[in-house]
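The values are calculated or read from the model by the stated rules, or taken from the named source; none is laboratory data. The shown structure was predicted, so the numbers you read here are calculated from the model rather than taken from an experiment. With ideal geometry, Cβ positions are generated from the backbone for all residues, glycine too; neighbour counts draw on all protein chains shown. Side chains included, ligands, DNA and RNA excluded: accessible areas come from the protein's heavy atoms. Shrake-Rupley method; radii C 1.70, N 1.55, O 1.52, S 1.80 Å.
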Amino acid sequence: MHIKVIGVGKIKEKYFTAGIAEYQKRLGAFAKVDLLQVRDEKAPESLSAAEMEQVKAAEGTRILEKIKDNDWVIALAIEGKQRPSEVFAKEIEDLGTYGHPDITFVIGGSLGLSPAVMQRANDTLSFGKLTLPHQLMRLVLMEQIYRAFMISAGRPYHK
(Lines give C-alpha, C1' and ligand atoms only; values in the text may rest on other atoms or scores of the structure.)
Protein backbone atom coordinates (compact mmCIF):
# COMPACT_ATOMS: atom_id res chain seq x y z
CA MET A 1 0.00 0.00 0.00
CA HIS A 2 1.14 3.54 -0.70
CA ILE A 3 -0.06 6.41 1.48
CA LYS A 4 0.56 10.00 0.45
CA VAL A 5 -0.18 13.03 2.63
CA ILE A 6 -0.28 16.37 0.82
CA GLY A 7 -0.27 19.45 3.04
CA VAL A 8 -0.28 23.15 2.27
CA GLY A 9 2.57 25.07 3.86
CA LYS A 10 5.76 24.12 5.65
CA ILE A 11 6.10 22.51 9.03
CA LYS A 12 8.09 24.98 11.09
CA GLU A 13 8.21 23.56 14.60
CA LYS A 14 10.71 20.79 15.27
CA TYR A 15 8.37 18.99 17.66
CA PHE A 16 5.78 18.56 14.88
CA THR A 17 8.48 17.38 12.49
CA ALA A 18 9.75 14.88 15.06
CA GLY A 19 6.27 13.51 15.81
CA ILE A 20 5.37 13.16 12.15
CA ALA A 21 8.71 11.46 11.42
CA GLU A 22 8.10 9.00 14.25
CA TYR A 23 4.73 7.94 12.85
CA GLN A 24 6.14 7.80 9.32
CA LYS A 25 8.83 5.42 10.62
CA ARG A 26 6.26 3.26 12.43
CA LEU A 27 4.05 3.15 9.35
CA GLY A 28 6.95 1.80 7.32
CA ALA A 29 6.06 -1.68 8.56
CA PHE A 30 2.67 -1.42 6.84
CA ALA A 31 2.95 0.94 3.88
CA LYS A 32 5.14 3.29 1.93
CA VAL A 33 4.32 6.79 3.22
CA ASP A 34 5.21 9.98 1.37
CA LEU A 35 4.74 13.43 2.87
CA LEU A 36 4.42 16.21 0.32
CA GLN A 37 4.20 19.92 0.95
CA VAL A 38 2.89 22.51 -1.45
CA ARG A 39 3.58 26.21 -1.12
CA ASP A 40 0.89 28.24 0.58
CA GLU A 41 -0.35 31.49 -0.91
CA LYS A 42 0.51 34.66 0.92
CA ALA A 43 -2.74 36.15 2.12
CA PRO A 44 -3.38 39.15 4.34
CA GLU A 45 -5.78 38.79 7.26
CA SER A 46 -8.64 40.64 5.57
CA LEU A 47 -9.59 39.19 2.22
CA SER A 48 -12.74 39.54 0.18
CA ALA A 49 -14.66 36.38 -0.67
CA ALA A 50 -13.28 36.54 -4.22
CA GLU A 51 -9.71 36.87 -2.94
CA MET A 52 -10.22 33.89 -0.61
CA GLU A 53 -11.36 31.81 -3.57
CA GLN A 54 -8.30 32.90 -5.56
CA VAL A 55 -5.99 31.79 -2.72
CA LYS A 56 -7.74 28.43 -2.42
CA ALA A 57 -7.68 27.98 -6.21
CA ALA A 58 -3.92 28.65 -6.41
CA GLU A 59 -3.21 26.22 -3.56
CA GLY A 60 -5.64 23.74 -5.09
CA THR A 61 -3.78 23.80 -8.41
CA ARG A 62 -0.55 22.92 -6.60
CA ILE A 63 -2.29 20.11 -4.71
CA LEU A 64 -3.88 18.63 -7.84
CA GLU A 65 -0.47 18.54 -9.56
CA LYS A 66 0.66 16.05 -6.86
CA ILE A 67 -2.31 13.70 -7.29
CA LYS A 68 -2.14 10.84 -9.77
CA ASP A 69 -5.15 9.62 -11.75
CA ASN A 70 -5.30 6.31 -9.86
CA ASP A 71 -4.96 7.84 -6.36
CA TRP A 72 -7.90 7.39 -4.01
CA VAL A 73 -8.18 10.89 -2.56
CA ILE A 74 -9.48 11.65 0.93
CA ALA A 75 -9.88 15.36 1.62
CA LEU A 76 -9.69 16.51 5.23
CA ALA A 77 -12.38 19.08 5.87
CA ILE A 78 -14.42 20.24 8.85
CA GLU A 79 -17.58 19.36 6.91
CA GLY A 80 -16.19 15.92 6.02
CA LYS A 81 -17.42 12.57 7.32
CA GLN A 82 -16.58 11.66 10.89
CA ARG A 83 -16.07 8.03 11.79
CA PRO A 84 -14.74 5.96 14.68
CA SER A 85 -11.16 4.70 14.42
CA GLU A 86 -12.35 1.12 13.85
CA VAL A 87 -14.43 2.18 10.83
CA PHE A 88 -11.54 4.27 9.46
CA ALA A 89 -9.26 1.24 9.83
CA LYS A 90 -11.70 -1.00 7.96
CA GLU A 91 -12.07 1.56 5.16
CA ILE A 92 -8.29 1.78 4.65
CA GLU A 93 -7.99 -2.00 4.74
CA ASP A 94 -10.82 -2.37 2.21
CA LEU A 95 -9.29 0.20 -0.14
CA GLY A 96 -6.09 -1.81 -0.27
CA THR A 97 -7.93 -5.08 -0.68
CA TYR A 98 -10.35 -3.94 -3.37
CA GLY A 99 -8.10 -2.20 -5.84
CA HIS A 100 -7.15 1.18 -4.36
CA PRO A 101 -3.68 0.69 -2.84
CA ASP A 102 -2.68 4.34 -3.51
CA ILE A 103 -4.39 6.55 -0.94
CA THR A 104 -3.77 10.30 -0.86
CA PHE A 105 -4.87 12.43 2.07
CA VAL A 106 -5.11 16.18 1.45
CA ILE A 107 -4.85 18.88 4.12
CA GLY A 108 -5.63 22.40 2.96
CA GLY A 109 -4.25 25.73 4.02
CA SER A 110 -5.74 28.22 6.44
CA LEU A 111 -8.72 28.89 4.16
CA GLY A 112 -9.47 25.26 3.44
CA LEU A 113 -9.55 23.35 0.16
CA SER A 114 -10.60 24.61 -3.24
CA PRO A 115 -13.78 23.34 -4.88
CA ALA A 116 -11.60 21.64 -7.52
CA VAL A 117 -9.78 19.60 -4.86
CA MET A 118 -13.04 18.73 -3.12
CA GLN A 119 -14.49 17.62 -6.45
CA ARG A 120 -11.45 15.42 -7.14
CA ALA A 121 -11.73 13.80 -3.71
CA ASN A 122 -13.26 10.34 -3.56
CA ASP A 123 -14.09 10.77 0.12
CA THR A 124 -13.85 13.27 2.95
CA LEU A 125 -12.65 12.96 6.52
CA SER A 126 -13.25 15.17 9.53
CA PHE A 127 -11.77 14.93 12.99
CA GLY A 128 -14.52 17.15 14.36
CA LYS A 129 -15.76 20.70 14.19
CA LEU A 130 -12.58 22.15 15.70
CA THR A 131 -10.21 24.11 13.51
CA LEU A 132 -6.65 22.86 13.93
CA PRO A 133 -3.41 24.31 12.58
CA HIS A 134 -2.29 22.43 9.47
CA GLN A 135 0.95 21.36 11.19
CA LEU A 136 -0.94 19.77 14.07
CA MET A 137 -3.45 18.23 11.66
CA ARG A 138 -0.64 16.42 9.84
CA LEU A 139 0.55 14.92 13.11
CA VAL A 140 -2.97 13.89 14.14
CA LEU A 141 -3.60 12.36 10.71
CA MET A 142 -0.36 10.38 10.81
CA GLU A 143 -1.24 9.03 14.24
CA GLN A 144 -4.73 8.03 13.07
CA ILE A 145 -3.36 6.28 9.98
CA TYR A 146 -0.93 4.39 12.20
CA ARG A 147 -3.77 3.53 14.60
CA ALA A 148 -5.82 2.24 11.66
CA PHE A 149 -3.06 -0.14 10.58
CA MET A 150 -2.56 -1.32 14.16
CA ILE A 151 -6.30 -2.02 14.50
CA SER A 152 -6.31 -3.95 11.21
CA ALA A 153 -3.26 -5.94 12.32
CA GLY A 154 -4.94 -6.80 15.63
CA ARG A 155 -2.13 -5.23 17.61
CA PRO A 156 -2.69 -3.80 21.10
CA TYR A 157 -1.89 -0.11 20.31
CA HIS A 158 -5.56 0.85 20.03
CA LYS A 159 -7.48 1.10 23.31
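Output the peptides 75-87, 141-153, 57-69 sorted from most to least packed, where packing is the average of other Cβ atoms within 10 Å over each peptide's residues.
141-153, 57-69, 75-87
Classify the stretch 99-159 as rounded, prolate or oblate from the Cα gyration tensor: take a ≥ b ≥ c as the square roots of its eigenvalues, call it rounded if a/c is under 1.5, otherwise prolate when a/b beats b/c and oblate if not.
Oblate is the answer for the stretch 99-159, as a/c is 1.5 or above yet b/c matches or exceeds a/b.
What distance in nm separates the two pseudo spin-label positions at Tyr157 and Ala49, each 7 Å out from Cα along the beta-carbon direction?
My value for the distance between the label points is 4.3 nm.
Ignoring ligands, DNA and RNA, please state the percent of accessible area on the chain from carbon and sulfur, probe 1.4 Å.
Here it works out to 54 percent.
Please state the equivalent ellipsoid semi-axes for the stretch 1-97: what are the square roots of 5 times the Cα gyration tensor eigenvalues, largest first, in whole Å?
That gives 27, 18, 14 Å for the three semi-axes.
Give me the number: length gained by fully extending Ala57 to Ile78, i.e. 0.36 nm times residue separation minus the C-alpha to C-alpha distance, one decimal in nm.
5.7 nm
Can you tell me, using C-alpha contacts under 8 Å and at least 6 residues apart, the relative contact order of the stretch 1-124 as a whole percent?
Dividing the mean separation by the residue count of the stretch 1-124 yields 39 percent.
Averaged per residue, what accessible surface does the stretch 1-136 expose to a 1.4 Å probe, in Å²?
Computed with neighbouring chains in place, this is 57 Å² per residue.
Under 20 Å between alpha carbons, and skipping anything fewer than 8 positions from Lys32 in its own chain: which lysines qualify?
Answer for Lys32, where 20 Å is the Cα cut-off: Lys4, Lys66, Lys68, Lys90, listed by chain and number.
How much length, in nm to one decimal, is gained on full extension between Ala18 and Ser85, taken as 0.36 nm per residue of separation minus their Cα-Cα distance?
21.8 nm
Taking the alpha-carbon set of the stretch 33-159, what are its Rg and Dmax in Å?
For the stretch 33-159, the Cα radius of gyration and maximum Cα-Cα distance read 15.4, 49 Å.
What chymotrypsin sites (Phe, Trp or Tyr not before Pro) does the stretch 1-107 have in DSSP loop regions with at most 16 other beta carbons within 10 Å?
Of the chymotrypsin sites (Phe, Trp or Tyr not before Pro), the ones in loops of the stretch 1-107 whose Cβ has at most 16 other Cβ atoms within 10 Å are Tyr98.
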